[in-house]
Amino acid sequence: MAAIEFLDVSYTVPGGAQILDHVSLVIGEGEVVALVGRSGAGKTTLLRLVNRLLEPDAGRVVVGGRDAREWEPIRLRRSIGYVIQDAGLFPHFTVADNIAVVPRLEGWDDARIRSRVDELLQLTGLPPAVYADRWPGELSGGERQRVGVARALAADPAILLMDEPFGALDPVTRAELQSEFRGVQRRLRKTVILVTHDMREALSLADRVAVMESGEIIACDAPPAMLASGDARVRKLLEAVTVPFSQDS
Amino acid sequence: MRLVEFWLSHRNELLTLIGQHILLVGTATLVAVAIGVPLGVFAARRPRMSAPLVGFANMVQTVPSLAMFGFLLPVPLLGGIGPRTAVVVLILYGLLPIVRTTIAGLNGIPAPVREAGVAMGMTPRQLLQQVELPLALPSIVAGVRVAAVVGVGSATIAAAIGAGGLGEYIYRGLSMVDTTVILAGAIPAAVLALVVDGGLLWVERRLGSRRSHRRLGLTAGAASCIAVLLWGGALLAGRGSETIVVGSKNFTEGVILGEIVAQTIERETGLAVQRRFNLGGTLICERALLNGDIDVYVEYTGTALTAIFRQPLGQDPAAVLTTVRESYARSGRAVLDPLGFDNTFAILVRGRDARALALRTIDDAARHTSGWRAGFGYEFLERPDGYQGLASTYGLRFLEPPRVMDLTLTYRALASGQVDLIAGDATAGLISALDLVPLEDNRQYFPPYDAVPVGRSDMLLRYPQVRAALETLAGRISADRMREMNHAADAGREDPSAIARRFLSELR
Ligand SMILES: Nc1ncnc2c1ncn2[C@@H]1O[C@H](COP(=O)(O)OP(=O)(O)OP(=O)(O)O)[C@@H](O)[C@H]1O
Ligand SMILES: [Mg+2]
């Protein structure tokens, strides 16, 4: 069954430009779809339609078999993990409190929250003893991004929206995080939309790669097919990946 | 040194005034927060609303505080004299900084942070409580700090409308021209402002850096809020019904007369008396009496006639008293019997000359003035009941045109021989101190300014014993006696309450 469906969706900034132009994309349960495309292509906008931060002005967005408009927005958002483009951590909450936001909103008891936070910190490679009580201002950019991922995972949502979760990292850390992601995904089987500028990252992490340009999806395929694509715009993105690509097992 | 002595000898009063001051500012600041923060939240959500709102608050801020007290005096519910009006004014002043910093604090929150809250599934209320307000808090506290510090300053002016606080000393000092008394109020007020400023700055810094202790801080804050509000509520709830409130004008003589009236009521009736002294002027006293904020105070017949009832001055004391009495009666007030002295202008000469030339009246002096010099205050030269009329009534002619100088300086100029005749205040303490002699106004040129207690009729009907008590004062305060008492306060720096006590014990 499809977890997320974009059915002929358009979005126009109120009184402004059209940003999404008849986009259709169906994402299966447990599938990882990477959205790639140049800056300003409309990737973030597409993500924000899923948890109703934005409403489409034409077409339908279906989440878990129900039209997003039928969902109660608060319910919908709490059941979707969202990793925000620039982490968006609450500066007045410690790392642990940031991760615990949705569980707290959902009214979990303290003991359960504490063990969940520890678990997630371990999972994202941040030893709880060192990081739990730090403030976001005391973290490096990469550490903040990991906290952002841990926060999105906290209430164990079936759907994860990740907006450049590994952006602006050095190649080594980035590779580490990517391999952590693959390990986690093998165990948890979430439905994931992963936005990235990096074609290489998309090809290595996703089951399918969707290429966006000027508000349209111009290609959507599994990595091998994408590599073989003859579309000039896709080739251009692929050529930007300088190191010859080899898919990990 | 004198300052420390003053504080020590007035320490109970000082503590009361500091307490009142803190209470005024504390209550006003808390209410301003309670109104200003929601207003700021509202305005931050609707940018179109925020400009006019801040503009309005700005405008309120530019109204001088004394004028603001004046505007509010006649307003029902909010107005009147006493702490209620003062608190309302302080709230109005406190709103602007708080609204402004609330808006600034909320607008300063990075968009991704707010969006994270929404995306996590926070309701608007949760977003406000858990994200927006905590992040705006340091900014809001900065606004509260400004409001509180400005409040400590503005509250000193509140004494003019009988709200108490450290301004009492400042006004008392101003009316006695005694710097020590001014400083006795000004210094604690300044220290209070510094303490408030420092304390809130500390809170602001702590909030800015860390979230820890926040819960503790909020609890302590809430507890102190509740305490101040309870205390404030008790204060604002007003007086008990068995209390007579005595008012007074804001100069030495007014305060001494207020004390005499208050102590007389206390001694003769045993009723509790509340003092609301140093009210800033005739019209404030009038309002207060009309509204029932005070029950009785001492007014001068000529002043009531012109300033309150806006009628032309008459020369005949009995006729003026009758007119004033009838006018007051129409609005439910009763004029009691005159206290005995007339605080009008007095034509003064040196005691030496008066004795040598056997001068008793102004007519006596008129025979000699062609060889004399005169000195007058600015006001006396301008007033309709001033120099021009005097000169033509008595046919006065001087050696040279009268010198114009500050009224307070004319007494010394006369004593030292620079001038030979002046027009002073009939009850000025300096008259006896410098051995000056007032000449009788035998042609009744000066209108009468007889001192009379004025009370609310309903109070006098309810407590006939108060009327009886005040009648014991009728005709008992001579101009000489009033001059001595003024002198004891102004030159001898004696307390008005001690002066009044001495006067009353001699009266028996
Ligand atoms: N509120 C808005 N008002 C006007 N234009 C907007 C608004 N939000 C987004 N846009 C425009 O819509 C386009 C798509 O924005 P979007 O954030 O979806 O891009 P993106 O693909 O995520 O880019 P990036 O990779 O740089 O994050 C951009 O051209 C952006 O300027
Ligand atoms: Mg984006």
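Can you give the mean number of other chain Cβ atoms that lie within 10 Å of the Cβ atoms in peptide B:364-375?
The shielding value for this peptide is 0.
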**OP:** In whole angstrom, note down how far apart the Cα centers of the stretch A:97-133 and the stretch B:453-508 are.
**Re:** 76
**OP:** Looking at chain B, send over the antiparallel percent of its DSSP beta bridges, to the nearest 5.
**Re:** 60
**OP:** Along Cα→Cβ, 7 Å out, is where each label goes; now give me the distance between the ones at A:Arg112 and B:Gln129 in nm to one decimal.
**Re:** 2.0
Subject >> Relative packing of B:94-103, A:225-234, A:200-209, which averages over residues the other C-beta atoms within 10 Å, highest first >> reply: B:94-103, A:200-209, A:225-234
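Calculate, for chain A, the solvent-accessible area per residue in square angstrom, rolling a 1.4 angstrom probe over the heavy atoms of the protein chains.
Details: 10760 Å² over 249 residues.
I get 43 Å² per residue for chain A.
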**OP:** Over all directions, average the projected area of the Cα convex hull of the stretch B:345-439 and note it in nm².
**Re:** 5.2
Original post:
Expressed as a whole number of Å, what is the distance separating the alpha-carbon centroids of the stretch B:80-156 and the stretch A:20-64?
Top reply: 39
**OP:** List every residue whose amide H lies under 5 Å from the amide H of A:Val195, counting only residues 5 or more places away in sequence or on a different chain, with H placed 1.01 Å from N in the peptide plane.
**Re:** A:Leu35, A:Met162, A:Asp163, A:Glu164
Subject >> Karplus (6.51, -1.76, 1.60) ³J(HN,Hα), θ = phi - 60°, over the stretch B:152-167, in Hz, Gly and Pro reported as x >> reply: 4, x, 4, 5, 5, 6, 4, 4, 4, 10, x, 8, x, x, 5, x
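Given a 1.4 angstrom probe, I'd like the percentage of the accessible area of the protein assembly as shown that is carbon and sulfur, rounded to a whole number.
57
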Original post:
What share of the DSSP beta bridges in chain A is antiparallel, in percent to the nearest 5?
Top reply: 50
Original post:
Using mean Cβ contacts within 10 Å as the protection proxy, how do A:16-22, A:75-81, A:94-100 order, highest first?
Top reply: A:94-100, A:75-81, A:16-22
Original post:
Using modelled amide H (1.01 Å from N, peptide plane; none on Pro or chain starts), what sits under 5 Å from the amide H of B:Gly247, excluding residues fewer than 5 places away?
Top reply: B:Arg276, B:Asp295, B:Val296, B:Tyr297
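Could you run the numbers on buried accessible area between B and A, total for both chains, 1.4 angstrom probe, in Å² to the nearest 100?
1900
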**OP:** Could you quote the convex hull projected area for the protein assembly as shown, Cα atoms only and averaged over all directions, in nm²?
**Re:** 45.9
Original post:
What is the mean number of Cβ atoms from other protein chains located within 10 Å of the Cβ atom of each residue in peptide B:353-362, rounded to a whole number?
Top reply: 0
**OP:** Provide the FRET efficiency to the nearest 0.05 for the B:Ala51-A:Glu216 pair, computing r from the beta carbons and using R0 = 45 Å.
**Re:** 0.65
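Within 10 Å of each Cβ of B:118-129, how many other protein chain Cβ atoms are there on average?
Counting other chains' Cβ atoms within 10 Å and averaging over B:118-129 gives 6.
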Original post:
Where does each of B:277-285, B:378-386 land if you order them by average Cβ count within 10 Å, highest first?
Top reply: B:277-285, B:378-386
Subject >> Rh by Kirkwood over Cα pairs, then Stokes-Einstein D for the stretch B:1-123 at 0.890 mPa s and 25 °C, µm²/s >> reply: 143
Original post:
In vacuo Debye scattering of chain B, one point per C-alpha: log10 I(q)/I(0) at q = 0.10 Å⁻¹?
Top reply: -0.86
Original post:
Residues with amide H under 5 Å of A:Ala219's amide H, sequence separation 5 or more or different chain, H placed in the peptide plane at 1.01 Å from N; which?
Top reply: A:Val211
Original post:
Under a 1.4 Å probe, what is the accessible area of the stretch B:1-154 per residue, stated in Å²?
Top reply: 44
Original post:
Gap in Å between the Cα centre of the stretch B:36-60 and the Cα centre of the stretch B:336-409?
Top reply: 60
Original post:
In nm, what is the difference between 0.36 nm times the number of residues separating B:His10 and B:Leu194 and their Cα-Cα distance?
Top reply: 64.0 nm
Original post:
At 222 nm, what helix-only mean residue ellipticity would chain A give, in deg cm²/dmol to the nearest 500, using -39500 (n - 2.57) for each DSSP H run of four or more?
Top reply: -10500 deg cm²/dmol
Original post:
Just how much of B:Glu326 is accessible, in Å², when a 1.4 Å probe is used and the result is rounded to the nearest 10?
Top reply: 100
**OP:** Report the antiparallel proportion of the DSSP beta bridges in the stretch B:345-439 as a percent, rounded to a multiple of 5.
**Re:** 65
Subject >> Threshold 10 Å² - residues in the stretch A:127-144 whose accessible area is reduced by that much or more when the chain is no longer isolated, probe 1.4 Å >> reply: A:Trp135, A:Glu138
**OP:** Divide by every residue of chain B the summed helix terms, -39500 (n - 2.57) for each DSSP H run of at least 4, and state the resulting mean residue ellipticity at 222 nm, rounded to the nearest 500 deg cm²/dmol.
**Re:** -19500 deg cm²/dmol
Original post:
How many Å² of accessible area per residue for the stretch B:345-439, probe 1.4 Å?
Top reply: 46
Original post:
Karplus couplings for the stretch B:263-269 from phi (6.51 cos²θ - 1.76 cosθ + 1.60, θ = phi - 60°), rounded to Hz, Gly and Pro as x?
Top reply: 5, 4, 4, 4, 5, 7, 10
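The values are calculated or read from the model by the stated rules, or taken from the named source; none is laboratory data. On a predicted model such as this, the values are computed, not experimentally measured, just so you know. Methodologically, a virtual Cβ is constructed for each residue, glycine included, from the backbone with ideal geometry; neighbour enumeration extends over all protein chains shown. Heads up: the accessible areas ignore ligands, DNA and RNA and are worked out on the full protein's heavy atoms, side chains in. Shrake-Rupley method; radii C 1.70, N 1.55, O 1.52, S 1.80 Å.
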